[in-house]
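Q: Here it is: the structure, laid out below.
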Amino acid sequence: MSLVTPPSAPPASRPTSPTVRSTWRAWRMVALIGVVTVLVSVIALLVRPGGGPSRPLDPDDTTLAGSKALAELLRARGVTVDRVDSVQAAADKASTGHRLLLITDTTYFNEFRLSTIPGDRLIVGNVFGLRALAPGLRRVPEPARTRLRDPECGLPAATAAGSAYMGGMAFRGPPGATGCYPAGDGHTLISFPNAGGTTTVVGDGSFLTNQRLAEDGNAALAINLIGTGRPVTWLVRPDNPPQGESALGESRRSMYDLMPAGIAWALYMSVIALVLTAFWRGRRLGPVVTEKLPVVVRAAETVEGRGRLYRARRARQRAADSLRAGTIDRLTPRLGLGSGAGAHEVVAALAARTGQDPQQVGAALYGAPPVDDAGLVGLAGYLDFIERQVSEL
Amino acid sequence: MALTGRAGLVAAIGIVVVLLAPQPGAALAGVCLLLAAAILVDLVFAGAVRPLRFHRSGDTLIRLGQRATVELIVENPGSRRVRGRLRDAWQPSAGAGPRVAELDVPGGERRRIIMTLDPTRRGDRSSVAVTVRSVGPLGLAARQGDHQAPWSVRVLPPFLSRKHLPSRLARLRELDGQHPALVRGQGTEFDSLREYVVGDDVRSIDWRATARRHDVVVRTWRPERDRRVLIVLDTGRTSAGRVGDAPIPMAGATPGGGGLLAGPDSRPAPGWPRLDWSMDAALLLAALAARAGDQVDFLAYDRAVRAWVGGASRTELLSSLVNVMAPIEAELIEADSQGMVAAILARAKRRCLVVLLTDLNPAALEEGLMPVLPQLSSRHLVLVAGVSDPRVAAMAGRRGSAEKVYDAAAAEHAQLGRRRITTRLRRHGVEVVDAPPEEIAPALADAYLALKAAGRL
């Protein structure tokens, strides 16, 4: 590069890249659609009822698996419903008076501490630690299909409600227990007196959910079992289950807990660095230039292809015919013969010229095709030999 | 816009900062904001690319194998310095260099960039775009823009057979008036009268002229002049086949040029297309015939007239020939011989020598040229020149294993077909030149000289 004197020629160049304005004009509709999409999604997220995953048999949950309908029904009938998510809270409530403890999930609780809480108990489903919570109860090994069942028992709460959507698990109770809604060898509802109150176990909680409550006698059964006037302590799975710790308090910390907090942020930063580097390497300096190139095909390819066809089909006759015709075509003018010379003339002239046996020469030039590849190679060699003899003499 | 490697580096340093900072979240946000601000500053303060102006000068016409030089002058009318990189994007076979040039133009000044072009094939090579990437003061981000600064270089056929011209011209001079012949015969016309010297053939004494003067006078003769030669180039599919070794490596001629399909056991380089060898021969013939005083016309035809040079003066003939030949490429279609003969007959009103440069491919000639040849040979003298493939000749000599003998048989078959079609053409009174690529040009020139000496033009 060097400084040059200004040439007189007018500038012949013109910019072809889009300007900022034209880029904006071209993409503004796309940007508008994008902004609208994001806005609609945000609004939809904010407006959506409930939010988060459903919590089965939760008195505050409005999804199909929740039980808010039942809780509202109970409250309308003047029953106090207290939602608790820890054993301690349940024990505190129990100390205020005679209450019903409704247990829907014990995954995160200590069932032995739970069993010390006095009062009536309603255990829903096949919860963990059933042996401690309902001593004397035995499980029937075969699960029972959840369907509409008739009470077929003397428990007033059940007979008043009539048929209900029961099943899940069947039990056999201790002596003195009342079993309803039979399934197989056992019953899906067992009620028996226990220390400090009545313990009732049902095999499945479907009849308490918002989805099933309105069907048949489900609501009646639920209200008869729960809404008998006592305040209800409704124990649900904790809202923020302790991570990495089981109900027994074992310490199991994952690899991520052991890493310093900076690592995660550094990871985000390295993603940003990666994106910047990719953009640096990926941005082309100018367009890709295309060009119409002439075809590259060697002229000898057709001949090579024919040779390979001969080879593939072992076409000895055709190959031999070609070699013989080529040799005869070259030899006839050397022997002083015209192009229309017959086989006998050629053989005779050739035998006289080279001193070879006329029969051998005839067989080589006009005989039967070789029977194998070795014969073909031999024939080619012999034809070469004859040609050499003629040209040397 | 574009980023530089420095932006990525700064972001990479940011990883360490975030890792060591007491509040990594805040550190990440800080680093990102700082980087974004720096990139924005760079974009705002980088020299503008759009107002740049480009001027070009340099070669527009070169022969294949020569190097062209094209100057690109970058003018920066703005006030800010434009610093960064420039790419002048030519078509790949133009062989343009440097691929990317460093650029530093202060405001209101100009800089010159010299591009060298080593084209790898004939034809017109043009610049598609000039792209400038102007880096900002911090070197983190750059503005980028394309410009069109059109320039085209025409790459002419190399005319390598030029080296054969002096020897053929010497032969021509022997025939020509430099060595006046005293023997009259076919192909000669009356030149002049001169005084008899001892040794002259007494049969050439012009007794009438001798009677008018006091001296004995002989007639001298010279070869005929002002005949017409029409060179016809067949640009159909058979002319695309590559033969021989490329004297100048062409685009796609090297095995590596085959792209993805070129494996480690790549086959030998495919050489030059028959078309290029034919052009070479046509140029030598045209140069020779023009010196011999004949009128040379040129026609390139496959299914339509690809090029036509008619009535060019002797001085302009070669330059106009190479100019029309430069962009011709072989078309992958069967040549239309009937149309070709019609085009020749429409252009050649008087008897002339028609030199047809094609391939002596038995199948193509049998169906194409042979049926219409009598129309042509009845009015004109026809010479068919074909480039043979030395590879086929080498294959015909292979011996030793069954595979090689099968190949040899296939080559023999091809050669036999070629010889037979040659014989049939000769029977029609057509002259045939069949030579390998390196020898086709001198062989054709010799055939022309032989025809001229025999007075058959």
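The values are calculated or read from the model by the stated rules, or taken from the named source; none is laboratory data. The shown structure was predicted, so the numbers you read here are calculated from the model rather than taken from an experiment. Ideal geometry is used to build each Cβ from the backbone, glycine not excepted, and the neighbour counts take in all protein chains shown. For accessibility, only protein heavy atoms count, side chains too; no ligands or nucleic acids. Shrake-Rupley method; radii C 1.70, N 1.55, O 1.52, S 1.80 Å.
Q: Which one of A:GLY249, A:GLY244, A:GLY229 is modelled with pLDDT under 80, open to solvent by 40 Å² or more (accessible area, probe 1.4 Å) and under 30 Å from A:ALA164 (Cβ atoms)?
A: Going through A:GLY249, A:GLY244, A:GLY229 in turn, the sole match is A:GLY229.
Q: Regarding the range A:116-137, can at least one residue be identified that is open to solvent by less than 70 Å² (accessible area, probe 1.4 Å), outside the structural domain of A:ASN210 (by TED's automatic domain parsing), modelled with pLDDT under 80 and over 20 Å from A:LEU213 (Cβ atoms)?
A: Within the range A:116-137, none of the residues are open to solvent by less than 70 Å² (accessible area, probe 1.4 Å), outside the structural domain of A:ASN210 (by TED's automatic domain parsing), modelled with pLDDT under 80 and over 20 Å from A:LEU213 (Cβ atoms).
Q: Sticking with this structure for a sec: Output the residues belonging to the range A:264-302 that are basic (Lys, Arg), more than 7 Å from every other protein chain (Cβ to nearest Cβ) and farther than 30 Å from B:ALA240 by Cα.
A: First, the residues of the range A:264-302 that are basic (Lys, Arg): A:281, A:283-284, A:292, A:298.
Okay, now just the ones that are also more than 7 Å from every other protein chain (Cβ to nearest Cβ), so A:281, A:284, A:292.
Of everything in the range A:264-302, those that are basic (Lys, Arg), more than 7 Å from every other protein chain (Cβ to nearest Cβ) and farther than 30 Å from B:ALA240 by Cα turn out to be A:ARG281, A:ARG284.
Q: Is it the case, given these coordinates, that B:ARG87 is within 12 Å of chain A (Cβ to nearest Cβ) and assigned to a loop (DSSP other than H, G, I, E, B)?
A: Here the answer is no, as B:ARG87 does not meet what is asked.
Q: Scan the range B:14-50 for residues that are open to solvent by less than 60 Å² (accessible area, probe 1.4 Å), within 11 Å of chain A (Cβ to nearest Cβ) and within 48 Å of the chain's Cα centre (by Cα) and jot them down.
A: Those that are open to solvent by less than 60 Å² (accessible area, probe 1.4 Å), within 11 Å of chain A (Cβ to nearest Cβ) and within 48 Å of the chain's Cα centre (by Cα): B:LEU43, B:ALA48, B:VAL49.
Q: Also, I was wondering about something else. Residues that are within 30 Å of A:LEU379 (Cα to Cα) and touching a residue at least 12 places away in the same chain (Cβ under 8 Å): does the range B:378-389 have at least one?
A: Yes; the residues of the range B:378-389 include at least one that is within 30 Å of A:LEU379 (Cα to Cα) and touching a residue at least 12 places away in the same chain (Cβ under 8 Å).
Q: Please tell me if B:SER79 is surrounded by fewer than 21 Cβ atoms within 10 Å (Cβ to Cβ) and out of contact with any helix residue (DSSP H, G or I) (no Cβ under 8 Å at 6 or more places or on another chain).
A: On the way: surrounded by fewer than 21 Cβ atoms within 10 Å (Cβ to Cβ): yes; out of contact with any helix residue (DSSP H, G or I) (no Cβ under 8 Å at 6 or more places or on another chain): yes.
In short, yes.
Q: Here's something else I'd like to know. Please find, among B:THR254, B:THR235, the residue that is within 12 Å of chain A (Cβ to nearest Cβ) and at pLDDT 90 or above. Even if it seems obvious, please write down each step before you answer.
A: Numbers: B:THR254 fails: at pLDDT 90 or above.
Of the residues listed, the single one that is within 12 Å of chain A (Cβ to nearest Cβ) and at pLDDT 90 or above is B:THR235.
Q: Under 8 Å by Cβ, and 6 or more places apart or on different chains, what pairs join a residue from the range A:12-31 that is within 20 Å of B:ALA129 (Cα to Cα) with one that is at pLDDT below 90 and hydrophobic (A, V, I, L, M, F, W, C)?
A: none
Q: Does the range B:99-119 hold any residues that are more than 10 Å from chain A (Cβ to nearest Cβ) and of a type in the set (Val, Ile, Thr), and which are they?
A: B:THR116
Q: Let me ask something else. Taking strands (runs of 3 or more DSSP E) that fall entirely within the range B:336-438, which contain at least 2 residues that are surrounded by fewer than 17 Cβ atoms within 10 Å (Cβ to Cβ) and within 14 Å of chain A (Cβ to nearest Cβ)?
A: Where strands (runs of 3 or more DSSP E) fall fully within the range B:336-438, none carries at least 2 residues being surrounded by fewer than 17 Cβ atoms within 10 Å (Cβ to Cβ) and within 14 Å of chain A (Cβ to nearest Cβ).
Q: While we're here: Show the residue pairs meeting these rules: Cβ distance below 7 Å; 6+ apart or different chains; first residue within the range A:303-321 and facing another protein chain (nearest Cβ under 8 Å); second residue assigned to a loop (DSSP other than H, G, I, E, B) and crowded, with 17+ Cβ neighbours inside 10 Å.
A: Sorted first by the residue in the range A:303-321, then by its partner, the pairs are A:ALA320/A:PRO370.
Q: Can you name the condition, by its number, that B:VAL183 falls short on among (1) touching a Phe, Trp or Tyr at 6+ places or on another chain (Cβ under 8 Å); (2) at pLDDT below 90; (3) outside any loop (DSSP other than H, G, I, E, B); (4) among the aliphatic types (A, V, I, L, M)?
A: It fails just one condition, (3).
Q: Let me ask something else. For A:VAL202, only one of the following conditions fails: (1) open to solvent by 20 Å² or more (accessible area, probe 1.4 Å); (2) modelled with pLDDT of 80 or more; (3) out of contact with any helix residue (DSSP H, G or I) (no Cβ under 7 Å at 6 or more places or on another chain). What is its number?
A: (1)
Q: Which of the following residues is open to solvent by 40 Å² or more (accessible area, probe 1.4 Å), within 28 Å of B:MET1 (Cβ to Cβ), β-branched (Val, Ile, Thr) and modelled with pLDDT of 80 or more: A:VAL42, A:VAL38?
A: A:VAL38
Q: How many residues are out of contact with any helix residue (DSSP H, G or I) (no Cβ under 7 Å at 6 or more places or on another chain) and touching a residue at least 12 places away in the same chain (Cβ under 8 Å) when one looks only at the range A:372-390?
A: The total comes to 2.
Q: If you don't mind, another one. Show the residue pairs that are 6+ apart or on different chains and have beta-carbon atoms under 9 Å apart, the first residue being within the range B:1-29 and outside the structural domain of B:GLY136 (by TED's automatic domain parsing), the second being exposed (fewer than 15 other Cβ atoms within 10 Å of the Cβ) and β-branched (Val, Ile, Thr).
A: none
Q: Considering only residues that are part of a helix (DSSP H, G or I) and either in contact with a Leu (Cβ under 8 Å, 6 or more places away or on another chain) or outside the structural domain of A:ARG313 (by TED's automatic domain parsing) (or both), look in the range A:359-388 and name the one that is most open to solvent (accessible area, probe 1.4 Å).
A: Within the range A:359-388, the subset part of a helix (DSSP H, G or I) is A:359-366, A:373-388.
Within this subset, residues satisfying the condition of being either in contact with a Leu (Cβ under 8 Å, 6 or more places away or on another chain) or outside the structural domain of A:ARG313 (by TED's automatic domain parsing) (or both) are A:361, A:364-365, A:379-380, A:383, A:386-387.
Values: A:VAL361: 1, A:ALA364: 10, A:LEU365: 7, A:LEU379: 20, A:ALA380: 1, A:LEU383: 3, A:ILE386: 3, A:GLU387: 42 Å².
Ranking the candidates gives A:GLU387 first.
Q: Since A:ALA160 meets every condition but one in (1) surrounded by 15 or more Cβ atoms within 10 Å (Cβ to Cβ); (2) farther than 30 Å from A:ALA89 by Cβ; (3) of a type in the set (A, V, I, L, M, F, W, C); (4) in contact with a helix residue (DSSP H, G or I) (Cβ under 7 Å, 6 or more places away or on another chain), which condition does it not meet?
A: (1)
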